[in-house]
Amino acid sequence: MKLSQRIKSRVVGLGIALFLTVSCNTQDKSIAENIHVAPIDYSAKVYPQLDTENSRWFFFSSASRPFGMVNLSPDTQIGGSWGSGYRYKTDTIKGFSHIHAWQMSGVSVMPVTVSEENSKTIFTDFYSKFSHKKEKIAPGYHYVELDRYHITSELTSTKRVGFHQYSFPENEKAAVLFNLNTLLGPCENTNGFLEQNNKNELSGKLVMEPTHRRPKPVTVYFKAIFNSDISEIEHDENTGNYLVNLNSDNGKVLMKLGISYTSVENASNNITQELPHWNFNEVISDSKTEWNGLLGRIAIKGGTETDQKRFYTDLWHALQGRRTINDANGAYPDNTGEQFRIGQLPLDENGKPKFNHFNSDSFWGAQWTINTLWGLVYPDIMEDFVHSLLQYYKDGGLIPRGPSGGNYTYVMTGASSTPFIVSAIQKGIITEDLESIYQALKKNHMPNGIMGKSGYEHTTNLGGGLKHYIEKGYVPYPIPEGNFGSHEDGASLTLEYAYQDWTLAQLSKKLNHQDDYDYFMNRSTHYKNVFDSEIVWMRPKNIEGIWKSDYDPYQSENGFIESNGAQSTWFVPHDLEGLADLMGGKDKAIEKLNEQFKTAEKINFTAGNSHAQELHPEYSRIPVNYGNQPSVQMAFIFNELGRSDLSQYWSRAVVNKAFSGLSPSTGFNGDEDQGLMGSLSVLMKIGLFQMNGGTETNPRYTIGSPLFDEVRIKLNQDHFPNKTFTIKALNNSASNVYINKASFNDKAIYDFNISHQDLINGGELILEMANRTHAKH
């Protein structure tokens, strides 16, 4: 007898549950055979053009894999680290370059057609107009038409190989110009060299000249292989660049270009390992699959279509920007010593690197961003980065806070990698060699460690004022020894060091170093030494201990780093109750902070809509700034002081005002340092935050006000015991921002906190939302 059934089948693919209805017959061999579900394309929800009117060199990616060595995309602006790369309002493409990294750039190429008219000027006049109307961009893919040459250009990549597909017009002479000697982003490309190896292969190299931040040169090697024969190579002595003329019968040219920071041979091997075929569409598909695998670890329901697109764009930002620098065989550039050397990462039983090595901007601010997001959703990525930071220690003797070109840059300040690594240990992501890791971290907190260096202080260690911090309990402003680097802002440095000392103390405690624990816990109270109880603000003081005169807490960078005193007064994530006591109690602290939010709301909680506007008078005096890292924890301070309702209210308000745009003209409204602000936006929208960066024993998460009705996190099985953790926000809406009841696995939660261990054991967090709070104050 035939039976018709309506079967609701829950299918989990790439981390999201799909619900579908099917009809089937009991005589069928298997119901499953009649079900075909296409996986969700999360990458289609990403809007790469977000904020590209304000982007910097490493901000934009298109034809790139997660943390790819190759970051292939068009450049419309090529000069300077800021305001360069892909800038949406500039209508001229100046090349397709392969490296868009922190303080590194290189290997720019441009497909052209050569005629009698332009043959004599092609080396200096080769840019082309383009239109966004004839452009398609997605993670791992970029399509654009060059108006000047009528060339259709398509770009994709593997981790270390750029893959180009050019469709040239018929009866035109096809060529690719290698612009190897040019100012490109943050640095000059010089000494460009190209040679032909056989009928369709080239190899070459260029030098990325030193910058103020990266003081040593770095050589990038490359191998290029065409599917067409090379007819001729022309070299221009004035520019030093090369024109590669091609025999293209069908008008379509494919080019693979692999890069390496160690040798041409390794660049060639990167191609062999990652791209042995010529199937362009297959690489696009593989890239989409890789992106979807990571993006799909968080599945959301609810919100508007724009909300969902913005969410996955934020998440995409959290997974790119920081770049791989090792080859497929584990070779990597080591610039930490007096002489350059080629290092070798340890290999597994299959001959693959056990971890990757990275080029990375600062971890300054990571405690409130990638510490939490990576530590929960991407522990495999966090593990890779920790091992990379430790490799720098093995090579150069210090754990870096932002390495570039295989060397230290001393970007920003403090020992910002300490909270990152301690968080990974406390969450059970890093479990081996803890004693040696502790000693490496401790070195950075002591004289001659990285904490003593101010921003980009390469040859001395005085600008960080660590000597004074240890002897006097604070960093004076100004530093009496003079100027040695950037960000010598004593009040901020004192606050930063105190927090980082507290995080190191937690690891001291874990490893039973009682004397060290007592020592660093004592140092963690030094924040009190720059708090002026008479004016109830943090305030700089000089070497004699005298408060800065004519002090204005709303004046930007007045003893504070990329912030003002009003914002940085709250930079005590490890002891907010102690800070409240200094302010006269929790009620007074809450009132003070609430007024700051009311004031900041008037200009949308950000100092303009780009990092360049932060110092403008109309923006710089903002008391809460969600456009830069120093104050992005402020909405969740209320929870620590017993007013979770205000954390819920203000965190949702910040999301609506600062992190809801979806256009080239807006997005992060400030400084998106390689995924930090994207990560913050994701955390605020799923309603989870960690005030101290997840560095205490069994770290806890503060529960905020989720933007979405349901958030389903696929937990990494290599690191965590369960499969999924789900947040359900019942009766959620734009007005229902308060949580009146919370429960986890049917157990009531009253303090709006959940431990890391409970969370990774899996289950459901149920939040009952309402438009007013029932909390008792």
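Under a straight-distance cross-link criterion of Cα-Cα below 18 Å, which lysines are reachable from K548, leaving out those fewer than 8 residues away in the same chain?
Of all the lysines, those that pass the test against K548 - Cα under 18 Å, at least 8 places apart if same chain - are K472, K528.
Hey, which of these cross-link pairs are over 30 Å Cα-Cα: K45/K199; K288/K714; K129/K602; K301/K352; K134/K288; K309/K592?
Pairs exceeding the cut-off: K45/K199; K129/K602; K301/K352; K309/K592.
Report the extension gain between D249 and M446 in nm, rounded to one decimal, defined as 0.36 nm multiplied by the number of residues separating them, less their alpha carbon distance.
64.4 nm
Give the lysines reachable from K741 as a straight Cα distance under 16 Å; neighbours fewer than 8 places away on the same chain don't count.
K728, K776
May I ask you to compute the full-extension gain from I603 to K472, defined as 0.36 nm times their residue separation minus their alpha-carbon distance, rounded to one decimal in nm?
Net length gain for the segment: 43.3 nm.
Within the stretch 227-303, list the chymotrypsin sites (Phe, Trp or Tyr not before Pro) lying in a DSSP loop whose Cβ has at most 16 other Cβ atoms in a 10 Å radius.
Passing sites in the stretch 227-303 are W278.
What is the distance in Å between the Cα centroid of the stretch 577-594 and that of the stretch 729-777?
25
Are there any GluC sites (Glu not before Pro) in the stretch 279-350 that are in a DSSP loop and have at most 14 other Cβ atoms within 10 Å? List them by number.
Working: sites: E282, E290, E305, E338, E349; in loops: E338, E349.
Filter output for the stretch 279-350: E338, E349.
Can you give the extra length, in nm with one decimal, that the chain gains between K199 and E764 once fully stretched, where that is 0.36 nm per residue apart less the Cα-Cα distance?
On the way: separation 565, 0.36 × 565 = 203.40 nm, distance 6.09 nm.
Working it through step by step, the gained length comes to 197.3 nm.
Which shape class, rounded, prolate or oblate, goes with the stretch 45-295 when its Cα gyration tensor gives a ≥ b ≥ c as root eigenvalues, a/c under 1.5 marks rounded, and past that a/b bigger than b/c marks prolate?
Judged from the Cα gyration tensor, the stretch 45-295 comes out rounded (a/c under 1.5).
Hey, how many Å between the Cα centroid of the stretch 617-662 and the Cα centroid of the stretch 266-310?
A separation of 32 Å, based on Cα centres.
From the helices alone, meaning DSSP H stretches of at least four residues, give me the mean residue ellipticity at 222 nm for the chain, per-run term -39500 (n - 2.57), in deg cm²/dmol to the nearest 500.
Details: 18 runs with 191 residues, N = 777.
Result for the chain: -7500 deg cm²/dmol, rounded to the nearest 500.
Is any residue of the stretch 687-706 close enough, with backbone N under 12 Å, to a label point placed 7 angstrom from the Cα of S755 along the Cα-Cβ axis, and if so, which?
Under cut-off, by backbone N: 697-701.
Students often check this: by mean Cβ neighbours within 10 Å, which of 561-572, 350-361 ranks highest, and how do the rest follow?
On the way: 561-572: 25.9, 350-361: 19.4.
Packing proxy ranking, top to bottom: 561-572, 350-361.
As an exercise, find the ratio Rg/Rh for the stretch 684-777 from alpha-carbon atoms, using the Kirkwood inverse-distance average for Rh. Let's see the in-between values first.
Details: Rg = 13.2 Å, Rh = 13.7 Å.
Taking Rh as the inverse mean 1/r over Cα pairs, Rg/Rh reads 0.97.
Working from the alpha-carbon coordinates of the stretch 515-623, get Rg over Rh, Rh being the Kirkwood radius.
When Rh is taken as the Kirkwood radius, the ratio is 1.00.
Could you sort the peptides 154-165, 388-399 by per-residue average Cβ neighbour count (10 Å cutoff), highest mean leading?
By packing density, highest mean first, the sequence is 154-165, 388-399.
Going down the table (K354/K394; K427/K510; K159/K685), which pairs top 18 Å between alpha carbons? Please list the in-between numbers first.
Working: K354/K394 16 Å; K427/K510 12 Å; K159/K685 30 Å.
Among K354/K394; K427/K510; K159/K685, the Cα-Cα distance tops 18 Å for K159/K685.
What's the exposure ranking of F668, F178, going from fewest to most Cβ atoms within 10 Å?
F178, F668
Assigning unit charges at the beta carbon (Lys, Arg +1; Asp, Glu -1) and nothing else, what dipole magnitude in debye, to the nearest 20, does the stretch 612-682 show about its Cα centre? Walk me through the numbers before you get to the answer.
Details: 4 positive and 7 negative charges, 51 e Å.
My answer is approximately 240 debye.
Roughly what % of Cα-Cα distances in the chain sit above 51 Å, to the whole percent? Let's see the in-between values first.
Numbers: 45189 of 301476 pairs.
Value for the chain: 15 percent of Cα pairs lie more than 51 Å apart.
Starting from the 7 Å offset along Cα-to-Cβ, what nm value, one decimal, do you get for the label separation of T460 and N191?
3.0
The numbers here are math on the coordinates, done by the rules we state, and not lab data. No experiment lies behind these values; they were computed from the predicted model shown. Methodologically, a virtual Cβ is constructed for each residue, glycine included, from the backbone with ideal geometry; neighbour enumeration extends over all protein chains shown.
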